[in-house]
Amino acid sequence: MNYNTPVIQLKGVGEKTAKVFEKLGVKTIGDLIRFYPRDYEKFEEVIPLAEIKKGEICAVRVRIVSSVTVRKIRNLTILNAVASDGTGKIKLTFFNMPFLRNVLKTGGVYLLRGLVQEKDGIPVMEQPKLFKEEEYQKLLETVQPRYPLSAGITNQAITKAVRQALSNCELDHEFLPDNILASQKLMDREEAVHNLHFPKDFDTLIDARKRMVFEEFFLFILGLRKEKEQNEVVDSKFPYVETAQIYRFLERLPFQLTNAQKKVWNEIEEDLQGRKLMNRLVQGDVGSGKTMIAILALLMTVSNGYQGAMMAPTEVLAKQHFDSISEMNEKYGMGMHPVLLIGAMTAKEKREAYALIAEGKADVIIGTHALIQEKVVYKKLALVITDEQHRFGVKQRETLAEKGDMPHVLVMSATPIPRTLAIILYGDLKVSVIDELPAERKPIKNCVVDTSYREKAYRFIEKEVAAGRQVYVICPMVEEAETDSDDPSMVNVENVIGYTEKLKEVLSPSIQIAYLHGKMKSSLKNEIMEAFKNKNIDVLVSTTVIEVGINVPNATVMMVENAERFGLAQLHQLRGRVGRGEHQSYCIFVSSSDKKETMERLEILNKSNDGFKIAEEDLKMRGPGDLFGIRQSGEFAFKLGDIYNDAVLLKEAGSCVDKLLSEDTFLEKKENERLKAYLEKESWNPVDFRTI
């Protein structure tokens, strides 16, 4: 077996299981080996009830001291019992497990493990797992993997398949230079891959993860440095000159640019009028006015006789940009000829757009990935703008750039990444930051609460909807089937489909509620987002798919369930969906954990609406030991690495790459032979930096 062998070749993986694996992005043995656990369970010693803590997973040995009751509510069977160990009491609740009535007996002693919660002042364990004494003894002090799941597959089935794959497939041998392995104290590659899935103990797991995260960052940064070298020597083929149109447009605007916008615009003007190709990133918080900078760059391009293209990550966002630019163009007489190009257009509409682009009659082209299809031919493409760059890969940006004759590239991102990390992560681009919000924007009012606040939140949502406003509710998961019922850490994690049904029961029947998630077809996602934008939906329950989405000034409430499961930068991005109109906006962060450190972390959002400040604070609260914290899943396509949790490692990888290239630019030295051979081979590569 090799990395390209289909997973269906594994023993016990039939067509049905292979299809579920494919839903999880696993088609080959290589994919499976790279399908790392989402977290791990460590089995600890049994403790007395007097020592249990709310919000923690623990194992207890208890005696049932009440009768075991079973009741049915609609399709839900609920089994309850009270247990004690002499030091305290705990309520046990099991859902849809009526057979346990024949297992749990009054007076019987059982070993249970689960998440401790508190309801009405009483400790509760919901869906705890029962263990035999000898079974639990074997698990004590071990670290067990927990994989991302989908309906139709269990954690046990994935574990079995991964064990087979690791036994039957030859892994890539070590390719990092020995001096880097020694200086960073990195584990050997093969050993690290094995221990990432099945670690001997927690310390070994941390070392294994460090090795593979370093590799991801190292290869990514190495690729970026090569990109930067190429970019720095490219002469501009599109010389720009200052034009009067820019000044006329700015004079007609009913507002002044902020000082931060002026500074960034001056940097872009200098780039465009310079002798070298522009490759610049503009970072700016949500609402800081990045789009205005993009419009100025497009206007300068058009007034110099060239074409400019702007690529957005979603059709709704592309259409939004098109409508906004078209309206401004007409209102201020900018003289541009914009055209929209998205997948949802009819074949006839696309043909007409292609013709206008090829003839040069359309000088501002706005769209999605449709902009880089083979049928699109540009006459004089001089500027490429990508919005929310972390949604696009370097390769996609290049494909769009190659449509012209090496055009200038401007990248826009609202992701608040601290400057120290941005310089590393966007190593092929110059970085500009818009660190000031327009004075007229009303600050969002925030609150961090526990689950007992929900009832008040629901009444507040009803009040806002009655006033004609709209609401977002964010859940971490799509549906309940994504979790493993044996995983205590997933108890009480809200899912979009289930939560939508819950809201339909607790909110007024007149309120229109719909849900949205990333597994839907693009056409349906666009339809729902358009309906929300057009006020046909009052409450939209969604996953983080709306993080980069639609501009709905009428949406004034953002409620995030299980807020502790998200990174602060991502929560701030989500919060940016509200506060876009004239009305006061609110953000409610609901935490199902009341751990002191969790609430302290979320309180940062309560105190500040400044994304960059939040990102810096988040960075300070994490350290190199916080390796299994919350991933900022919205940013970058790293399999394991997280730019916040692993900031120290990211900087180390950057330093190692810089030292390597300064001493051996073309990797010709003997000690770098393995690395060079690895980068040149065509077989499966664990990090294709050009797609990140």
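The values are calculated or read from the model by the stated rules, or taken from the named source; none is laboratory data. None of these values were measured; they are calculated from a predicted model. No Cβ is skipped: glycine too gets one built from the backbone with ideal geometry, and neighbour counts run over all protein chains shown.
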Original post:
Counting just the residues of region 1-39 that are within 18 Å of Ser167 (Cα to Cα) and among the small types (Gly, Ala, Ser), which one comes out surrounded by the most Cβ atoms within 10 Å (Cβ to Cβ)?
Top reply: Gly30
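Based on what the data block shows, is Gly107 small (Gly, Ala, Ser), part of a loop (DSSP other than H, G, I, E, B), more than 30 Å from Gly25 (Cβ to Cβ) and in contact (Cβ under 8 Å) with a residue 40 or more places away in the chain?
Working: small (Gly, Ala, Ser): yes; part of a loop (DSSP other than H, G, I, E, B): yes; more than 30 Å from Gly25 (Cβ to Cβ): yes; in contact (Cβ under 8 Å) with a residue 40 or more places away in the chain: yes.
For Gly107, the condition - small (Gly, Ala, Ser), part of a loop (DSSP other than H, G, I, E, B), more than 30 Å from Gly25 (Cβ to Cβ) and in contact (Cβ under 8 Å) with a residue 40 or more places away in the chain - is met.
Looking at this structure, is Gln164 in contact (Cβ under 8 Å) with a residue 12 or more places away in the chain, among the polar types (S, T, N, Q) and under 20 Å from Glu673 (Cα atoms)? Let's see the steps before the verdict.
Numbers: in contact (Cβ under 8 Å) with a residue 12 or more places away in the chain: yes; among the polar types (S, T, N, Q): yes; under 20 Å from Glu673 (Cα atoms): no.
Criteria not met by Gln164.
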Subject >> Residues that are more than 24 Å from the chain's Cα centre (by Cα) and over 16 Å from Gln156 (Cα atoms), drawn from region 17-27 >> reply: Lys19
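Being in a loop (DSSP other than H, G, I, E, B) and not polar (S, T, N, Q) is the filter here; which residues of region 645-673 pass it? Give the derivation first.
We begin by selecting, within region 645-673, every residue in a loop (DSSP other than H, G, I, E, B); these are 645-646, 664-669.
Listed by number, the residues that qualify are Asp646, Asp664, Phe666, Leu667, Glu668, Lys669.
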Original post:
From the residues in region 618-641 that are modelled with pLDDT of 80 or more and not hydrophobic (A, V, I, L, M, F, W, C), which one is surrounded by the fewest Cβ atoms within 10 Å (Cβ to Cβ)?
Top reply: Lys639
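Do you know which residues across region 414-434 are more than 22 Å from Lys620 (Cβ to Cβ) and either assigned by TED's automatic domain parsing to the domain that holds Leu574 or at pLDDT 75 or above (or both)? Give the derivation first.
So in region 414-434, the residues more than 22 Å from Lys620 (Cβ to Cβ) come out as 427-430, 432, 434.
The answer is Leu429, Lys430, Ser432, Ile434.
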Original post:
Out of Arg163, Arg101, Arg146, which single residue is surrounded by 18 or more Cβ atoms within 10 Å (Cβ to Cβ) and of a type in the set (D, E, K, R)?
Top reply: Arg146
Original post:
Any residue in region 329-342 that is assigned to a loop (DSSP other than H, G, I, E, B), within 30 Å of Val545 (Cα to Cα), of a type outside the set (Asp, Glu) and under 35 Å from the mean Cα position of the chain (by Cα)?
Top reply: yes
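One line per residue, one yes/no per condition, for (1) more than 20 Å from Glu22 (Cα to Cα); (2) under 29 Å from the mean Cα position of the chain (by Cα):
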{"position": "Leu140", "(1), (2)": "yes, no"}
{"position": "Cys169", "(1), (2)": "no, no"}
{"position": "Asp172", "(1), (2)": "yes, yes"}
{"position": "Pro177", "(1), (2)": "yes, no"}
{"position": "Ala182", "(1), (2)": "yes, no"}
{"position": "Ala192", "(1), (2)": "yes, yes"}
{"position": "Asn195", "(1), (2)": "yes, yes"}
Original post:
Do we find a residue being at pLDDT below 80, within 21 Å of Leu298 (Cβ to Cβ) and surrounded by fewer than 17 Cβ atoms within 10 Å (Cβ to Cβ) anywhere in region 380-391?
Top reply: no
**OP:** Can you tell me which residue among Glu315, Glu349 is within 24 Å of Ile546 (Cα to Cα), at pLDDT below 95 and either out of contact with any Ser or Thr (no Cβ under 9 Å at 6 or more places or on another chain) or buried (at least 22 other Cβ atoms within 10 Å of the Cβ) (or both)?
**Re:** Glu315
Subject >> Residues of region 320-342 that turn out to be surrounded by 14 or more Cβ atoms within 10 Å (Cβ to Cβ) and either touching a strand residue (DSSP E or B) at 6+ places or on another chain (Cβ under 9 Å) or among the acidic types (Asp, Glu) (or both), as a count >> reply: 13
Original post:
Are there any pairs with C-beta distances below 6 angstrom linking a residue in region 537-566 that is among the small types (Gly, Ala, Ser) to a residue that is in a loop (DSSP other than H, G, I, E, B), with the two at least 6 apart or on different chains, and if so which?
Top reply: Ala555/Val578
**OP:** Working carefully through the options Val471, Val448, Val465, find the one that is crowded, with 20+ Cβ neighbours inside 10 Å, within 27 Å of the chain's Cα centre (by Cα) and modelled with pLDDT of 95 or more.
**Re:** Val471
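So which residues in region 96-111 are among the hydrophobic types (A, V, I, L, M, F, W, C) and more than 15 Å from Ser66 (Cβ to Cβ), if there are any at all?
If the condition is that a residue be among the hydrophobic types (A, V, I, L, M, F, W, C) and more than 15 Å from Ser66 (Cβ to Cβ), then Met97, Phe99, Val103, Leu111 are the ones that fit.
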Original post:
Looking at region 576-586, is at least one residue modelled with pLDDT under 90, among the charged types (D, E, K, R) and surrounded by fewer than 21 Cβ atoms within 10 Å (Cβ to Cβ)?
Top reply: yes
**OP:** Within region 494-521, count every residue that is acidic (Asp, Glu) and surrounded by 15 or more Cβ atoms within 10 Å (Cβ to Cβ).
**Re:** 1
**OP:** Kindly indicate the residue of region 169-183 that is under 21 Å from Thr204 (Cβ atoms) and either of a type in the set (D, E, K, R) or in contact with a Lys or Arg (Cβ under 8 Å, 6 or more places away or on another chain) (or both) and also surrounded by the fewest Cβ atoms within 10 Å (Cβ to Cβ) among those meeting that condition.
**Re:** His173
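Yes/no matrix, rows are residues, columns are (1) modelled with pLDDT of 90 or more; (2) loosely packed, with under 14 Cβ neighbours inside 10 Å; (3) at negative phi; (4) in the same structural domain as Arg101 (by TED's automatic domain parsing):
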| site | (1), (2), (3), (4) |
| --- | --- |
| Leu49 | yes, no, yes, yes |
| Gly55 | no, no, no, yes |
| Ala59 | yes, no, yes, yes |
| Ser66 | yes, no, yes, yes |
| Leu76 | no, yes, yes, yes |
| Ala81 | yes, no, yes, yes |
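From Val62, Val46, Val20, Val82, grab the single residue that is in contact (Cβ under 8 Å) with a residue 40 or more places away in the chain and assigned to a strand (DSSP E or B). Outline the logic, then answer.
Working: Val46 fails: assigned to a strand (DSSP E or B); Val20 fails: assigned to a strand (DSSP E or B); Val82 fails: in contact (Cβ under 8 Å) with a residue 40 or more places away in the chain.
Unique residue meeting the criteria: Val62.
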Subject >> Residue that is nearest to Ile293 (Cα to Cα) [pool: residues in region 264-280 that are without any contact (Cβ under 8 Å) to a residue 40 or more places away in the chain and assigned to a helix (DSSP H, G or I)] >> reply: Trp265
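Filtering region 522-554 down to residues that are among the basic types (Lys, Arg) and farther than 21 Å from Val478 by Cβ, which residue is surrounded by the most Cβ atoms within 10 Å (Cβ to Cβ)?
Lys533
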